[in-house]
2 protein chains.
Amino acid sequence: MASRGSGEERGKMKGIRELAEHLDISIGTVSRALNGKPDVNEETRKRVLEAAESLGYVANQSGRALRKGATGVIGFMMQTGSEITGQGDTFFMSVFDGVQTVFARHKLDLVALLCSSEEDPNDYLKRVVARGFADGIILSATRRHDARFELLAKRKIPFITLGRSLTDVGQPWLDLDFEGMAEASIDRLVARGHRHVAITRPHDDMNLGYVFEDQCRATLARHGLRLDERHIFRSTPNEAGGYQIARELSALETRPTAVVLINEAITVGLYRGLVEAGIRPGHDMAIIGRQSPHSQFLSPRLTSFRLSLRDLGIALAESLLATMPAFAHFYPARSARLLWPMDLVPGESD
Amino acid sequence: MASRGSGEERGKMKGIRELAEHLDISIGTVSRALNGKPDVNEETRKRVLEAAESLGYVANQSGRALRKGATGVIGFMMQTGSEITGQGDTFFMSVFDGVQTVFARHKLDLVALLCSSEEDPNDYLKRVVARGFADGIILSATRRHDARFELLAKRKIPFITLGRSLTDVGQPWLDLDFEGMAEASIDRLVARGHRHVAITRPHDDMNLGYVFEDQCRATLARHGLRLDERHIFRSTPNEAGGYQIARELSALETRPTAVVLINEAITVGLYRGLVEAGIRPGHDMAIIGRQSPHSQFLSPRLTSFRLSLRDLGIALAESLLATMPAFAHFYPARSARLLWPMDLVPGESD
DNA sequence: CATAGTATCGTAAACGTTTACGGAAGCCAA
DNA sequence: TTGGCTTCCGTAAACGTTTACGATACTATG
């Protein structure tokens, strides 16, 4: 037969066994060559790599994972459905991109584990870890009490959370510095003469809502002011929620003169709702929020807190790897709990 | 020993072997019981299921996939990074939710395969399929010429695309009815007296740009009008792109009186840019676009095309399963190519 | 009672890979 | 020549499932 290219370049590679007999080498050597093991002749390694490339051979995931006890996959759990994701449009996509630049160095793949809105997140996660789907997990949208933490800790799965929780099992976490945001916002508004400040928070038990509210209350207290209970607005973290808040806000008899938005997606709806009620954002009502792709294109431009989502993703990935024995030596001794800073970008809305 | 709860309920289940000897049954029977095979006594099945539940046993993914040659996973490929995804991620989250309601019926899991912006999509996909990661693939963001189609077809991986392409390999697809959108938009604008209509399209070679432009041109021609080449605006599919379009548009000497936006993310930026140039959306410039979570909260409210993303997800999933031998009998003989209709929701912007 | 059929279960061979182990050379020094 | 190293490679045993096959006990039928 001819030296190559007889008829098998169609990508019908069966497995390492076939590749081995094509090269007339044992499968053990082929495997070692592909995996960069030391005890293989450099020339045969080259032959193997070339043959694998030209025949389109890539080691089967299941076989490899079964033998090695590791899948090379890190899962980022998130919930699907339109109303649920509190973050605005491109939030996660940017974070993912940062995470992947780190993972790529270790041949790890990031996949998003999509929990349907119809399934209980705890059950979903239990299934995922029991099946041995991923070597590590990233959790987001952490709740005040979050049973997922305990589940992963019990199973000893390496994981990190993007967000804190009262359910702390000693795992590493990364969270946005909502305390810093609350403090800077309140300080700024008070310095500009505001005495009645409203805040928003998610309608459900997302942990960040508690953190944010508590810190706002504390900072106001430091200025000798108090947070009126009627000035705490809960809403779904989307445009409609913002609109709803505006309606409630405008209906109040003692109306606040400023509002701090913890969520970015509600901004557009809030603007609209205020305008409809005859309240001009930035004139009749000061607004401070979170930066998002469209916050700078609103009128007036939103005074907002900015952060680098890509860098956050990088830090998230490195902190996770630091807890995984196989990778820990690359990322030594880092602080396992990190509050991610946000910068205030002045706009015209406050 | 006691009947249950001796000390092993910590979730340290090793595998089916351990579960079997706990029950004093062979592993074959345990497996059959768990998988609903017929030849197993109903009472032992109940025992097995209860023990598995209480011990938290779930079949290991790698072992099962290796033996069965199928993973029970369907991958939805998408690219990460903020500038790339034309759709906001609320778009995909809603689609996912629809897809999952179908998959859940067959114990299939949907995961998002995240291709980093630093990696070539073709290489990424090649890796994924060669590793045998998923039993089926859903492709989105299809390009005018898309090598991914050929790759999957050659490897005989069942797949469906959300979007068309000139690279047609006979696979099933689902796409938004951009022709219908173009036609309805142009007809409406012309009926209202517009003679100079501009359009937008992505800056890269996404297929939908070609479809949309061609149909707009054809429909204008039907009205005896022509599409001015200078009235075709290419931009990144995000807010900044819309702003850029507004600036170019306002700088034109012969300015169009209407513009149709194929992408939803650019709307906010476009509004802002127009206002800054002294052009009032809805008064000095008619605008028709795509519905998004915030399109109804802009002023003026955007006249836009709406679609049910969840239903689209359901159709997408069912069409994919119809091509997979193991599930085809559930979803018989459906049209493999589907143009998804969109409804015009009148606003105040045109 | 003999036989066939049925219900249930155990045994063992796959699935594709990695890796511990040992063996066969080749080399160098004694 | 002998012995010990080193370099390279082949062999075979895992990893955790599923499933074809065969075995056993029991039931029904003649």
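No lab work stands behind these numbers, since they all come straight from the coordinates. Quick caveat, the model's predicted, so the values are computed rather than measured. Neighbour counts are summed over all protein chains in view; Cβ atoms, including those assigned to glycine, are modelled from backbone coordinates with ideal geometry.
Structure data summary
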{"item": "Assigned charges on the beta-carbon of Lys, Arg, Asp, Glu; the protein assembly as shown dipole about Cα centre (debye)", "result": "1340 debye"}
{"item": "Kyte-Doolittle mean at least -1.0, axial Cα span of 18 Å or more - DSSP H helices of chain A", "result": "A:42-55, A:91-104, A:178-191, A:207-222, A:239-251, A:309-322"}
{"item": "Counting all C-alpha pairs of the stretch B:187-306, share separated by more than 18 Å (%)", "result": "46 percent"}
{"item": "Counted charge near A:L261, where neighbours are those whose Cβ lies closer than 15 Å (Asp, Glu -1; Lys, Arg +1)", "result": "+2"}
{"item": "Space enclosed by the convex hull of the alpha-carbon atoms of the protein assembly as shown, per residue, Å³", "result": "202 Å³"}
{"item": "Two-site label geometry, A:D214 and A:D120: point separation in nm, points 7 Å out along Cα→Cβ", "result": "2.8 nm"}
{"item": "Cα-based Kirkwood hydrodynamic radius, the stretch A:16-59, one decimal, Å", "result": "10.0 Å"}
{"item": "B:L176 long-range amide H proximity, modeled H, under 5 Å", "result": "B:W340"}
{"item": "Exposure rule at most 12 other beta-carbon atoms within 10 Å, DSSP loop GluC sites (Glu not before Pro): chain A longest free segment", "result": "A:119-252"}
{"item": "Computed Rg/Rh of chain B, alpha carbon atoms with Kirkwood Rh", "result": "1.12"}
{"item": "In nm, spacing of pseudo-spin labels at A:D228 and A:A153 (7 Å Cα→C-beta vector)", "result": "4.1 nm"}
{"item": "Sparse-neighbour loop sites [trypsin sites (Lys or Arg not before Pro); the stretch B:198-276; at most 13 other C-beta within 10 Å; DSSP]", "result": "B:R226"}
{"item": "Cα centroid separation, the stretch B:212-227 to the stretch A:31-51 (Å)", "result": "59 Å"}
{"item": "Distance (nanometres) between label positions extended 7 Å along Cα→Cβ at A:V345 and A:H329", "result": "4.2 nm"}
{"item": "Choice from A:K154, A:K37, A:K68 showing the highest fluctuation, given a GNM over chain A with Cα pairs closer than 10 Å", "result": "A:K37"}
{"item": "Nearest-first distances (nm) between copies at A:S299, label 7 Å from Cα via Cβ", "result": "1.0"}
{"item": "Efficiency of FRET from Cβ geometry, B:H22 and B:E43, R₀ 25 Å, rounded to 0.05", "result": "0.90"}
{"item": "Value of D in µm² per second that Stokes-Einstein yields for the stretch A:29-180, Kirkwood Rh from Cα pairs, at 4 °C (1.567 mPa s)", "result": "73 µm²/s"}
{"item": "Residue-averaged 222 nm ellipticity for the protein assembly as shown, from DSSP H runs of 4+ at -39500 (n - 2.57), nearest 500", "result": "-12000 deg cm²/dmol"}
{"item": "Computed magnitude of the charge dipole of chain A (debye, nearest 20; Cβ of K, R +1, Cβ of D, E -1)", "result": "740 debye"}
{"item": "Per-copy distances of the B:P325 label point, shortest first, in nm (7 angstrom along Cα→Cβ)", "result": "4.1"}
{"item": "Label spacing, shortest first and in nm, from A:T44 to its equivalents in the remaining copies (7 angstrom along Cα→Cβ)", "result": "4.7"}
{"item": "C-alpha center-to-center spacing [the stretch B:130-198, the stretch A:57-76] in angstrom", "result": "32 Å"}
